[in-house]
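Chemist: Mind looking over this structure? Questions follow.
The values are calculated or read from the model by the stated rules, or taken from the named source; none is laboratory data. Worth saying up front: this structure is predicted, and the values here are computed from it rather than measured. Cβ placement follows ideal geometry from the backbone for every residue including glycine, while neighbour counts extend to all protein chains displayed. Each accessible area value is taken on the protein alone, full model and side chains, heavy atoms only, with ligands, DNA and RNA left out. Shrake-Rupley method; radii C 1.70, N 1.55, O 1.52, S 1.80 Å.
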There are 4 protein chains.
Amino acid sequence: MRIGVFTSGGDAPGMNACIRAVVRSALAAGHEVVGIRRGYRGLLEEDFHRDEDGDIRMKLRSVSDITRLGGTILHTSRSSDFRTEEGLKKAAEILRKYAIDALIPIGGDGTFHGAVALSRYWKGQIVGCPGTIDNDLLGTDFTIGFATAVQTAVDAVDKLRDTADAHERMFLIEVMGRHCGSIALYCAIASGAEIAAIPETPTRIDEIVRRLHAFTQRKKTSVMMIVAEGDEQGGALELQRQLQERSCPYEMRVLALGHLQRGGSPVFADRILAARLGDFAVQSISAGKTGVMAGDIGGRLALTPFGETYATHRQVAPEDLHLLEIMAT
Amino acid sequence: MRIGVFTSGGDAPGMNACIRAVVRSALAAGHEVVGIRRGYRGLLEEDFHRDEDGDIRMKLRSVSDITRLGGTILHTSRSSDFRTEEGLKKAAEILRKYAIDALIPIGGDGTFHGAVALSRYWKGQIVGCPGTIDNDLLGTDFTIGFATAVQTAVDAVDKLRDTADAHERMFLIEVMGRHCGSIALYCAIASGAEIAAIPETPTRIDEIVRRLHAFTQRKKTSVMMIVAEGDEQGGALELQRQLQERSCPYEMRVLALGHLQRGGSPVFADRILAARLGDFAVQSISAGKTGVMAGDIGGRLALTPFGETYATHRQVAPEDLHLLEIMAT
Amino acid sequence: MRIGVFTSGGDAPGMNACIRAVVRSALAAGHEVVGIRRGYRGLLEEDFHRDEDGDIRMKLRSVSDITRLGGTILHTSRSSDFRTEEGLKKAAEILRKYAIDALIPIGGDGTFHGAVALSRYWKGQIVGCPGTIDNDLLGTDFTIGFATAVQTAVDAVDKLRDTADAHERMFLIEVMGRHCGSIALYCAIASGAEIAAIPETPTRIDEIVRRLHAFTQRKKTSVMMIVAEGDEQGGALELQRQLQERSCPYEMRVLALGHLQRGGSPVFADRILAARLGDFAVQSISAGKTGVMAGDIGGRLALTPFGETYATHRQVAPEDLHLLEIMAT
Amino acid sequence: MRIGVFTSGGDAPGMNACIRAVVRSALAAGHEVVGIRRGYRGLLEEDFHRDEDGDIRMKLRSVSDITRLGGTILHTSRSSDFRTEEGLKKAAEILRKYAIDALIPIGGDGTFHGAVALSRYWKGQIVGCPGTIDNDLLGTDFTIGFATAVQTAVDAVDKLRDTADAHERMFLIEVMGRHCGSIALYCAIASGAEIAAIPETPTRIDEIVRRLHAFTQRKKTSVMMIVAEGDEQGGALELQRQLQERSCPYEMRVLALGHLQRGGSPVFADRILAARLGDFAVQSISAGKTGVMAGDIGGRLALTPFGETYATHRQVAPEDLHLLEIMAT
């Protein structure tokens, strides 16, 4: 079989480890692999990864020593015009032209929406890998890139704690995750942050101000508040404004970590998850599966139909909310 | 209730996060907490953690901002004379003297052996938390400290890859784990190491030399071999000697990472696991449990009798061995 | 003699290493040291660092193991009302009340302005140490904290490069330094950034757009632009706006590193500079000096009158601009 | 002119940044650059860096984004047979064959010895750059790679401090530097280590034991001793043995950091030094210089004849010894 692999949507640390796993696992199983550059957009432009001699078939050597690299050697993009009927037909044609039997897209919900659309026009197999820092997909406990994003956020909070203590200040740190509060929640528990604002629970400014006053009474010299970018009250700047209005007792500073969370060498957990799911995706294709995402649920490998992975929002575990409350109060 | 908490045996990153969780969770539940310094040895010497005013009851403030610290604020020790009948009786007496109702020991198999012995002379509850980098306990997928130890090892391999490539050399990197190959296995998969030697599988020198010759043919410019300190063939120096004898085609260098793997700020996964298990240990004590270790199996909290946690060696998952083979060959 | 030490203004990594050096050097010379908390504001409030027994004299133990900590154990503040005549008189009185013979303020230009003002009302000796990430003082090649701030910025640019490459984007990264472009310049040279905008040289948008077009022709897949917060054209958001207006050929993203640059464990260069200058400040006081800042110029220790340290803006070395041009074009 | 650049001897972080600077500076000046792989050995084997199209002339693109990489893209080696008369003649011939006018070797004393030998048989210009972690060359305050090696060592000591404190132990940490104690001395001052053993000063075991007993009296819970691999009493294991014999009051552990110190992404100071010296080497060649090493002394660029750079051992600055004494006692 000839398997096409590509990365799409926002990049996530561990995508390279996943590409490497797909290539090594496929070659070990006797398949061929071609790397499609720049996601769906690159597919439409027939932009393939090529070796020095121009060959589009990836070798062991093509993925040598990329495990530790951030970003993606196949590059990525967010393509809007792919999902027209015309675009999908053209993509299907190109896949046939290059004799590609199966696809392994690595990305998030947008990527899987695209896969579902494509499968209306193309009959090859598609098994996806969850590559996004947001951890917002059902069908896997963690997405590839989430662990590194959380670690980056925790390292940042650790650093800011130093300067917050020195000045006796409060910091509002905005982390990524779109409509999902996972990064914020994990970051808050792990960093010992005092407050977290996430979209899955109501953010009550009055209640926060009340707690801040309690902190001043306990002579707390610094306060860290982690804000999910998708919090229903708004981002960190908006929350700062609202806290200011309600006479927040601490001098505040805001920092949005932004794209820092996407970069850097992946932590080992993302590398291992990427290896596991990349290998499992290849095995699933060998076993004839299609239209599914490879995931890890409670330590067991599992396949979930694309449609279910993004059908509803992931619920926050009540235990994690309990933990936040105990650890942060 | 009055709960005593202590750390014992080899220190592990995340022990402080666990102490903090125990204190915060216990205070939230209305219990008192006393910190016993230096493990069982400190218990025998009535060496308690004391606030500035001399009070042995720990406060929220006693564990303020310790989540990110390596080591253990309660210190630790490996006590040999604790487990005499005399020692155990004395320990029981001291626990009664200080009106301690329950104990939360944080440590590994030696610590839990001690707990079992102590329970013959003392009728309070004991619920342990798995604090060891070795990941060698049954009853939890991961022990507190393991993730940080693996990350430290992976970071080291990443660094050594640079210099190995520059000189076209092979490195044998010895990692910790005693009789357990978990750190070595995870480190090898995550770092893309070419070879791993672990106690759970036979290490065949001839086979390794054969693969090394294949590498030279593929013009591989560097080779990383991860050696578990407990490999049945010996440590990294011994393996280097044996490889040398069989005409290893690469110039070799050896590095034993040693105690580096115990130190440093814990990665977020260890902090969260520590928080979860520390809180769960307190809840389990409130619920009347005793003689058990708190663990996390497949994302679910679970209690396992002490005796079962160290009864047999942890098996390596066949999927992980498969992954190593695919990723490393 | 009794020496008072304090930190003031924005905190900088290495301040703790400097406090430690002052204490150790002073005790070795037979002096006493008292730590004033929260800068000039703490002085007015008689807020002294106290040992567990309430003693204000600092011991070796008071500064044990603080070298590696970010922030400042003495805390800091930016006091506006200190510099009234009333404030200065009160401060002088308090210094006499506590029998303080000499002061070692650790901070930046605001701190030294305060020292000059204070010396009109108080006759003790004052020898300052340059503690600021901005590197904007004359009389020393580098200020304490600058090296760590640059390293933090370079680490961030390295991370962003991953994600910029993956998406074929341009990043505008805003770094600190107030009116001084040192952090931006060093960060740009060290990170191999393509463009730097600093206040010391004219930032010409048209010229930048021209170069960006040349980059697209060379098929450069990512561009990093380092923006000093004090650039005469404005910060990173403003420059993004201007570039957008002139049809920048790259999709742009902005990140302001903000207070991340103040936090974290100091790099070794800051720790050593802090040790050297803290010790030198104590020696200078022993030698009867006053009204000066301790600095390191070309590897030699030097004292510079406070007034000269902030009299004019530091010039950017032409060699560094040449280097930027060669390395970045 | 056609300039050949190569790295030789032990690799050092920053070598890639230096290669990049040489290439960019030379191209900007209108020269050609060829990269010789694997040092003198590669020269003898006509092993040149080649672009995808086989061209040996390096382009801007050849050194794109390598600043942050450890190791050396040109690889390195320690060649013993280069320095025979035959080897030198052959090397000279090859240089003439490829029309190379000038060489920029990046390495340490062995590399410069080689350059001096080669210049007896070849009349091209040679200007070297100091690339070695050892900091053992006269003619420059710091060598490229030294800063990263010190930072790696300091990070390791910070980590070990956690576990040393937890167990109330002493660690002997062996660092690199061959006959030179620079890494050990800087690491000791920056990490707040209690003891340093360096070849430039007598290491007196009795005196050390006396101090250790004083530490126990002050109830110091951990002791860090930095040992230069070239200490005249031997390495860390030998010193442990001697301390054990004299009844060292602390339980001891040994860690040799070894090649960890050579790897990893270079810190900014090494990158900037590399850029500065690489550029200066090209300028010096343009100006007709030869037989000299480019260095930075007190912030000023300087050329030193090769023979002087390794003629005598670098002296340790008395101020640094004073600093160690004050900071460590």
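Chemist: Just to be sure before I move on: is D:Ala147 farther than 17 Å from D:Val5 by Cα and either among the hydroxyl-bearing types (Ser, Thr, Tyr) or touching a residue at least 40 places away in the same chain (Cβ under 8 Å) (or both) in the structure I sent? Quick ask: steps written out before the conclusion?
Modeler: Values: farther than 17 Å from D:Val5 by Cα: yes; either among the hydroxyl-bearing types (Ser, Thr, Tyr) or touching a residue at least 40 places away in the same chain (Cβ under 8 Å) (or both): yes.
Against the criterion (farther than 17 Å from D:Val5 by Cα and either among the hydroxyl-bearing types (Ser, Thr, Tyr) or touching a residue at least 40 places away in the same chain (Cβ under 8 Å) (or both)), D:Ala147 qualifies.
Chemist: Got a sec? Which helices (runs of 4 or more DSSP H) wholly within region D:197-314 have at least 3 residues that are at pLDDT 95 or above and open to solvent by 10 Å² or more (accessible area, probe 1.4 Å)?
Modeler: D:205-217, D:236-245, D:268-286
Chemist: For region C:125-136, name all the residues that are farther than 30 Å from C:Gly258 by Cβ and open to solvent by less than 20 Å² (accessible area, probe 1.4 Å). Don't jump to the end; show me each part of the working.
Modeler: Pass one, region C:125-136, residues farther than 30 Å from C:Gly258 by Cβ: C:125-127.
Result: C:Ile126, C:Val127.
Chemist: Go over the candidates A:Leu69, A:Leu60 one by one and state the one that is hydrophobic (A, V, I, L, M, F, W, C), over 18 Å from A:Asp101 (Cβ atoms) and out of contact with any Leu (no Cβ under 9 Å at 6 or more places or on another chain). Walk me through how you get there before you give the answer.
Modeler: Working: A:Leu60 fails: out of contact with any Leu (no Cβ under 9 Å at 6 or more places or on another chain).
Unique residue meeting the criteria: A:Leu69.
Chemist: While we're here: Among B:Glu238, B:Glu229, which is closer than 25 Å to B:Ile183 by Cα and without any contact (Cβ under 8 Å) to a residue 24 or more places away in the chain?
Modeler: Working: B:Glu229 fails: without any contact (Cβ under 8 Å) to a residue 24 or more places away in the chain.
From the options B:Glu238, B:Glu229, the qualifying one is B:Glu238.
Chemist: Is it the case that some residue within region B:65-78 is over 30 Å from A:Leu324 (Cα atoms) and either within 17 Å of the chain's Cα centre (by Cα) or outside any helix (DSSP H, G or I) (or both)? I'd like the intermediate steps shown before the answer.
Modeler: So in region B:65-78, the residues over 30 Å from A:Leu324 (Cα atoms) come out as B:77-78.
Add one more test, that the residue is either within 17 Å of the chain's Cα centre (by Cα) or outside any helix (DSSP H, G or I) (or both), and what stays is B:77-78.
Yes: region B:65-78 contains one or more residues that are over 30 Å from A:Leu324 (Cα atoms) and either within 17 Å of the chain's Cα centre (by Cα) or outside any helix (DSSP H, G or I) (or both).
Chemist: Would you say A:Gln240 is more than 29 Å from the chain's Cα centre (by Cα) and more than 10 Å from every other protein chain (Cβ to nearest Cβ)? Please lay out each step first, then the result.
Modeler: Details: more than 29 Å from the chain's Cα centre (by Cα): no; more than 10 Å from every other protein chain (Cβ to nearest Cβ): yes.
So A:Gln240 does not fit the description; no.
Chemist: In region B:245-271, how many are over 18 Å from D:Leu257 (Cβ atoms), in contact (Cβ under 8 Å) with a residue 24 or more places away in the chain, among the hydrophobic types (A, V, I, L, M, F, W, C) and at the interface with another protein chain (Cβ under 7 Å from one of its Cβ atoms)?
Modeler: 2
Chemist: Which ones in region C:167-191 are facing another protein chain (nearest Cβ under 8 Å) and either modelled with pLDDT of 95 or more or closer than 16 Å to C:Val316 by Cα (or both)?
Modeler: Once the filter is applied, which keeps residues that are facing another protein chain (nearest Cβ under 8 Å) and either modelled with pLDDT of 95 or more or closer than 16 Å to C:Val316 by Cα (or both), region C:167-191 yields C:Phe171, C:Tyr186, C:Cys187, C:Ile189, C:Ala190, C:Ser191.
Chemist: Taking A:Ala149, is it of a type outside the set (Lys, Arg) and in a helix (DSSP H, G or I)?
Modeler: Details: of a type outside the set (Lys, Arg): yes; in a helix (DSSP H, G or I): yes.
So A:Ala149 fits the description; yes.
Chemist: Cβ-Cβ below 6 Å, separation at least six or inter-chain, first residue in region A:60-82 and within 19 Å of A:Arg50 (Cα to Cα), second aromatic (Phe, Trp, Tyr): which pairs?
Modeler: If the second residue must be aromatic (Phe, Trp, Tyr), the pairs left are A:Leu74/A:Phe6.
Chemist: Does region A:20-29 contain at least one residue that is within 14 Å of chain C (Cβ to nearest Cβ) and either without any contact (Cβ under 8 Å) to a residue 40 or more places away in the chain or not basic (Lys, Arg) (or both)? Write out each step before concluding.
Modeler: Just the residues of region A:20-29 that are within 14 Å of chain C (Cβ to nearest Cβ), to begin with: none.
No; the residues of region A:20-29 include none that is within 14 Å of chain C (Cβ to nearest Cβ) and either without any contact (Cβ under 8 Å) to a residue 40 or more places away in the chain or not basic (Lys, Arg) (or both).
Chemist: When you scan region B:103-120, do you find a residue that is aromatic (Phe, Trp, Tyr) and open to solvent by 10 Å² or more (accessible area, probe 1.4 Å), even just one? It would help to see each step written out before you state the result.
Modeler: Initial filter on region B:103-120 (aromatic (Phe, Trp, Tyr)): B:112.
Going one step further and asking which of them are open to solvent by 10 Å² or more (accessible area, probe 1.4 Å), we end up with none.
The answer is no, given that none of the residues of region B:103-120 is aromatic (Phe, Trp, Tyr) and open to solvent by 10 Å² or more (accessible area, probe 1.4 Å).
Chemist: Look at region B:276-301 and say how many of its residues are touching a residue at least 12 places away in the same chain (Cβ under 8 Å) and within 12 Å of chain A (Cβ to nearest Cβ). Write out each step before concluding.
Modeler: Filtering region B:276-301 down to residues touching a residue at least 12 places away in the same chain (Cβ under 8 Å) leaves B:276-286, B:288-298, B:301.
If we keep only those that are within 12 Å of chain A (Cβ to nearest Cβ) as well, we get B:276-280, B:282-283, B:296-298, B:301.
Number of matching residues: 11.
Conditions tested, residue by residue: (1) open to solvent by less than 10 Å² (accessible area, probe 1.4 Å); (2) more than 30 Å from B:Arg218 (Cα to Cα); (3) in contact with a helix residue (DSSP H, G or I) (Cβ under 9 Å, 6 or more places away or on another chain).
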residue	(1), (2), (3)
A:Ala12	yes, yes, yes
A:Ile19	yes, no, yes
A:Val23	yes, no, yes
A:Leu27	no, no, yes
A:Leu44	no, yes, yes
A:Asp47	no, no, yes
A:Glu52	no, no, no
A:Leu74	yes, no, yes
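Chemist: B:Leu27: outside any strand (DSSP E or B) and touching a His at 6+ places or on another chain (Cβ under 7 Å), yes or no? Full working, then the answer.
Modeler: Working: outside any strand (DSSP E or B): yes; touching a His at 6+ places or on another chain (Cβ under 7 Å): no.
The answer is no for B:Leu27.
Chemist: May I ask you to list the residues in region D:54-72 that are surrounded by 15 or more Cβ atoms within 10 Å (Cβ to Cβ), charged (D, E, K, R), away from chain B (no Cβ under 14 Å) and under 23 Å from C:Ala190 (Cα atoms)?
Modeler: Within region D:54-72, just D:Asp65 meets the criteria.
Chemist: Looking at D:Gly145, is it within 14 Å of chain B (Cβ to nearest Cβ), on the phi > 0 side of the Ramachandran plot and surrounded by 24 or more Cβ atoms within 10 Å (Cβ to Cβ)? Before the answer, list the steps.
Modeler: Details: within 14 Å of chain B (Cβ to nearest Cβ): yes; on the phi > 0 side of the Ramachandran plot: yes; surrounded by 24 or more Cβ atoms within 10 Å (Cβ to Cβ): yes.
It is true that D:Gly145 is within 14 Å of chain B (Cβ to nearest Cβ), on the phi > 0 side of the Ramachandran plot and surrounded by 24 or more Cβ atoms within 10 Å (Cβ to Cβ).
Chemist: Would you check if there is a residue in region C:107-129 being of a type in the set (D, E, K, R) and within 30 Å of D:Asp65 (Cα to Cα)? Break it down stepwise before answering.
Modeler: Initially, region C:107-129 is screened for residues of a type in the set (D, E, K, R), giving C:109, C:120, C:123.
Among the residues that remain, those that are also within 30 Å of D:Asp65 (Cα to Cα) are: none.
The answer is no, given that none of the residues of region C:107-129 is of a type in the set (D, E, K, R) and within 30 Å of D:Asp65 (Cα to Cα).
Chemist: Write out, first by first residue and then by second, each pair whose Cβ atoms fall under 9 Å of each other, whose residues are 6+ apart or on separate chains, and whose first residue, in region D:153-164, is more than 7 Å from every other protein chain (Cβ to nearest Cβ) and touching a residue at least 40 places away in the same chain (Cβ under 8 Å) while the second is among the aromatic types (Phe, Trp, Tyr) and open to solvent by 10 Å² or more (accessible area, probe 1.4 Å).
Modeler: Cβ pairs passing all conditions: D:Ala153/C:Phe268; D:Ala153/D:Tyr186.
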